[in-house]
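K.L.:
Sharing a structure with you now.
The values are calculated or read from the model by the stated rules, or taken from the named source; none is laboratory data. Just so you know, these numbers come straight off a predicted model, no measurement behind them. Backbone-built Cβ (ideal geometry, glycine too); neighbour counts: all protein chains shown. To get the accessible areas, we keep the full protein, side chains included, count just its heavy atoms, and leave off ligands, DNA and RNA. Shrake-Rupley method; radii C 1.70, N 1.55, O 1.52, S 1.80 Å.
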Amino acid sequence: RMLFQLKNFPIDSLIKAAAEDFLIVAQEKGLKFAIGSIEEVDVQADFDKAYELLGNLFNNSLKFTQKGSITIYTKKEGELVKVFVEDSGIGIDKEDQKKIFDKFRQIIHQELGKPQGSGLGLYIGLLLAQEMGGSLWLERSEPGSGSTFAFSLPVSGSNSAQKTQEKLKKEANLHPDQKSLIV
């Protein structure tokens, strides 16, 4: 079991922290790295786990984008903030799109071959997002023209945030040695 420390923080603080760490790598590859429209709203999440999730999406974009750009932006919809990572990379075939969130699944590309890694990044990212009250999904992907992945987190103080707190408290009671914290 994983320990979650839920806190309220501005979504832009997560975006800025991750962007700073990945900007240099993108520039070294000759990619344009852009921050689009970012909502000014607080979310409830475990900052470190949300950073891990966003970092995984950045890593995937960097791995599969040889030229062009990576852009991140957010959109508030109801009780959730959606974070989008859009790239101009190789894209994903329709058939492979059904498998990308499976455990130990990697997509082999004709030009790039088998990517490095364990094939757990998207699978773990989905679990992290769900545990924090959100989700992770492939928004769109076209072979040859890139992909957009997105994840959501609950807005601080929303019903979704409260339900997530209650769920984690119940789990903490069932597993007292692995208590999650709500701060």
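K.L.:
Please go through the stretch 135-156 and pick out each residue that is touching a residue at least 60 places away in the same chain (Cβ under 8 Å) and under 23 Å from residue 8 (Cβ atoms). It would help to see each step written out before you state the result.
P.N.:
First, pick out the residues of the stretch 135-156 that are touching a residue at least 60 places away in the same chain (Cβ under 8 Å): 136, 146-156.
Across the stretch 135-156, the qualifying residues are 136, 150, 151, 152, 153, 154, 155, 156.
K.L.:
Tally up the residues in the stretch 126-160 that are closer than 12 Å to residue 81 by Cα, of a type in the set (Ser, Thr, Tyr) and assigned to a strand (DSSP E or B), please.
P.N.:
1
K.L.:
Please go through (1) within 15 Å of the chain's Cα centre (by Cα); (2) basic (Lys, Arg); (3) open to solvent by 60 Å² or more (accessible area, probe 1.4 Å) for residue 32 and return the number of the only condition it doesn't satisfy.
P.N.:
(1)
K.L.:
State whether one or more residues within the stretch 75-96 are surrounded by 15 or more Cβ atoms within 10 Å (Cβ to Cβ), assigned to a helix (DSSP H, G or I) and at pLDDT below 95.
P.N.:
Yes, the stretch 75-96 contains a residue that is surrounded by 15 or more Cβ atoms within 10 Å (Cβ to Cβ), assigned to a helix (DSSP H, G or I) and at pLDDT below 95.
K.L.:
Sticking with this one: Could you tell me whether any residue of the stretch 123-142 is aromatic (Phe, Trp, Tyr), modelled with pLDDT of 65 or more, touching a Ser or Thr at 6+ places or on another chain (Cβ under 9 Å) and surrounded by 14 or more Cβ atoms within 10 Å (Cβ to Cβ)? It would help to see each step written out before you state the result.
P.N.:
Kept after step one, since they are aromatic (Phe, Trp, Tyr), are these residues of the stretch 123-142: 123, 137.
From what is left, the residues that are modelled with pLDDT of 65 or more are 123, 137.
Filter once more, so that each one left must be touching a Ser or Thr at 6+ places or on another chain (Cβ under 9 Å): 137.
If we keep only those that are surrounded by 14 or more Cβ atoms within 10 Å (Cβ to Cβ) too, we end up with 137.
Yes, some residue in the stretch 123-142 is aromatic (Phe, Trp, Tyr), modelled with pLDDT of 65 or more, touching a Ser or Thr at 6+ places or on another chain (Cβ under 9 Å) and surrounded by 14 or more Cβ atoms within 10 Å (Cβ to Cβ).
K.L.:
Can you name the number of the only condition in (1) under 15 Å from the mean Cα position of the chain (by Cα); (2) touching a residue at least 60 places away in the same chain (Cβ under 8 Å) that residue 17 fails?
P.N.:
Among (1) under 15 Å from the mean Cα position of the chain (by Cα); (2) touching a residue at least 60 places away in the same chain (Cβ under 8 Å), residue 17 violates only (2).
K.L.:
Here is a follow-up. Could you list all residues from the stretch 23-43 that are farther than 20 Å from residue 82 by Cα and among the hydrophobic types (A, V, I, L, M, F, W, C)?
P.N.:
Matches in the stretch 23-43: 23, 24, 25, 26, 31.
Conditions tested, residue by residue: (1) of a type outside the set (Phe, Trp, Tyr); (2) closer than 19 Å to residue 122 by Cα; (3) surrounded by 15 or more Cβ atoms within 10 Å (Cβ to Cβ).
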{"site": "11", "(1), (2), (3)": "yes, no, yes"}
{"site": "22", "(1), (2), (3)": "no, yes, yes"}
{"site": "28", "(1), (2), (3)": "yes, no, no"}
{"site": "36", "(1), (2), (3)": "yes, no, no"}
{"site": "42", "(1), (2), (3)": "yes, no, yes"}
{"site": "52", "(1), (2), (3)": "yes, yes, yes"}
{"site": "56", "(1), (2), (3)": "yes, yes, yes"}
{"site": "65", "(1), (2), (3)": "yes, yes, yes"}
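K.L.:
Still on this model: Go through (1) over 13 Å from the mean Cα position of the chain (by Cα); (2) open to solvent by less than 50 Å² (accessible area, probe 1.4 Å); (3) closer than 16 Å to residue 134 by Cβ and name the single condition residue 69 misses.
P.N.:
Only one criterion in (1) over 13 Å from the mean Cα position of the chain (by Cα); (2) open to solvent by less than 50 Å² (accessible area, probe 1.4 Å); (3) closer than 16 Å to residue 134 by Cβ is unmet by residue 69, namely (3).
K.L.:
Going through the stretch 1-52 one residue at a time, which ones are farther than 21 Å from residue 66 by Cβ, in a loop (DSSP other than H, G, I, E, B) and of a type in the set (Lys, Arg)?
P.N.:
If the condition is that a residue be farther than 21 Å from residue 66 by Cβ, in a loop (DSSP other than H, G, I, E, B) and of a type in the set (Lys, Arg), then 1 is the only one that fits.
K.L.:
Give me the pairs, please: first residue somewhere in the stretch 55-78 and closer than 19 Å to residue 144 by Cα, second residue anywhere and among the hydroxyl-bearing types (Ser, Thr, Tyr), beta-carbon distance under 8 Å, and either six or more positions apart or on two chains.
P.N.:
61/147; 64/147; 65/88; 67/88; 68/88; 69/88; 70/61; 70/88
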